[in-house]
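Student: Encoded as structure tokens, here's the structure I'll be asking about.
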Amino acid sequence: METEDLAKLIKERRSIRVWKDRAVDADLLLQAIELATYAPNGGNQQNWKFYLITNKGIINSIADAVQASADYIAALPEAKQFGEMVIGYTQRASFFCNAPSMIAVAARQYQSPIDEILAAREKVDAKAGQMRQWRNIADSRVQSVAAAIAYLLLALHQMGLGAVWMTGPLQAKGEIETLLKIPPEMDVIALIPAGYPDENPVIKERRPLREVCEIIN
């Protein structure tokens with residue numbers, strides 16, 4: 001693949017939230033997931049797991065759980081100050097119920113030896129505590145899953161499918177993990193509804209490179 005082709009693939013990918021009423025071949029989705037497993041990951045732990053959901057009843061149940069959690073948040077007194085923004089969020093919370101398929105991405109709980117050392121030491125050493133806090137800002141398992149999802153989205157786009165990266169539903173994490181029978185040593189990190197797109201959203205402009213990149217000589 002030429003650099004121009006890769007650039008086109010990356011720049012034309014977009015988040016899709018409306019899908020055609022058309023099933024997606026599971027083998028196609030599995031192929032995209034396999035490609036995602038080639039993403040870089042911390043310590044080569046490969047501690048991710050992908051749950052491919054094609055059962056519409058389960059997708060609807062997840063959407064119901066997410067909607068219930070959104071309604072709960074919207075009803076809180078603290079939500080009043082955000083007005084229309086919260087109302088809009090609540091109205092859109094379960095939009096993914098119409099997706100023909102969904103991929104839940106989970107990660108195994110893990111603590112590196114370095115983190116264990118710092119966790120043990122921080123009780124008597126403020127510097128160790130500060131170092132562990134800094135390391136936790138860049139949690140390696142979440143970064144690993146994020147890399148895999150980026151690969152997954154590009155693969156799906158190349159296949160003519162549309163998907164969207166969702167972390168908002170984690171407000172219903174407990175219910176989602178119960179529905180999917182996620183083992184206790186795993187955490188759901190994101191949901192990726194996918195299908196054949198039935199919308200063509202405008203690609204949003206990116207901030208100029210000079211605003212987001214600084215060369216340090």
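Student: Could you give me the ³J(HN,Hα) list for the range 153-163, computed from phi with Karplus coefficients 6.51, -1.76, 1.60 and θ = phi - 60°, whole Hz, x at Gly and Pro?
Tutor: 5, 5, 5, 4, 5, 4, 7, x, 9, x, 8
Student: Using the alpha-carbon centroid of each, what span in Å lies between the range 21-96 and the range 171-217?
Tutor: 9
Student: Now for a separate question. Any chance you could count the Lys pairs in the chain whose alpha carbons are under 15 Å apart, treating pairs 8 or more apart or on different chains as valid?
Tutor: Working: 8/204; 11/204; 20/56; 49/181; 173/181.
So the count of such lysine pairs works out to 5.
Student: From the residues 161, 178, 190, which one has its Cα farthest along the dipole of the range 126-209 in the positive direction, the dipole being from +1 and -1 charges on Cβ of Lys/Arg and Asp/Glu about the Cα centre?
Tutor: 190
Student: Report, by chain and number, residues whose modeled amide H sits under 5 Å from the one on residue 189, excluding near sequence neighbours (fewer than 5 apart, same chain).
Tutor: 105, 106, 107
Student: Hey, another quick one. Give, as a single signed number, the net charge of other residues whose beta carbon lies under 14 Å from the beta carbon of residue 164, with Lys and Arg counted +1 and Asp and Glu -1.
Tutor: +3
Student: Also, quick follow-up: For the residue pair residue 124 and residue 199, what label-to-label distance in nm results when each label sits 7 Å from Cα along the Cα-to-beta-carbon direction?
Tutor: In this crude spin-label approximation the distance works out to 5.8 nm.
Student: Turning to a different aspect of this structure: Once Lys and Arg get +1 and Asp and Glu get -1 on their Cβ, which of 44, 82, 152 lies farthest toward the positive end of the dipole of the chain?
Tutor: Of the listed residues, the answer is 82.
Student: Return the Rg/Rh ratio of the chain with Cα-based radii and a Kirkwood Rh.
Tutor: Ratio of gyration radius to Kirkwood radius: 1.01.
Student: Along the charge dipole of the chain, pointing to its positive end and built from +1/-1 on Cβ of Lys, Arg, Asp and Glu, which listed residue (102, 72, 9) has its Cα farthest out?
Tutor: Result: 72, furthest along the dipole toward the positive end.
Student: Taking neighbour counts of Cβ atoms within 10 Å as a proxy for exposure, in what order, fewest first, do 203, 182, 103 appear?
Tutor: Neighbour counts put them in this order, fewest first: 203, 182, 103.
Student: Given Cβ point charges of +1 (Lys, Arg) and -1 (Asp, Glu) and nothing else, what value in debye, to the nearest 20, does the dipole of the range 3-212 about its Cα centre take?
Tutor: Numbers: 24 positive and 24 negative charges, 87 e Å.
For this selection, approximately 420 debye.
Student: From the square roots a ≥ b ≥ c of the eigenvalues of the alpha-carbon gyration tensor of the range 1-66, which class results: rounded (a/c under 1.5), prolate (a/b over b/c), or oblate?
Tutor: Taking the square roots of the gyration eigenvalues as a ≥ b ≥ c, the range 1-66 is oblate.
Student: Another one. Under 19 Å from a point 7 Å along the Cα-to-Cβ line of residue 6: which residues of the range 143-167 have their amide N that close?
Tutor: Residues 147-159 qualify, since their backbone N sits under 19 Å from the label point.
Every number in this text was worked out from the coordinates using simple rules, so none of it is lab data. Quantities reported herein were computed from a predicted structural model and do not represent experimental measurements. All Cβ positions, glycine included, derive from the backbone under ideal geometry; neighbour counts span all protein chains shown.
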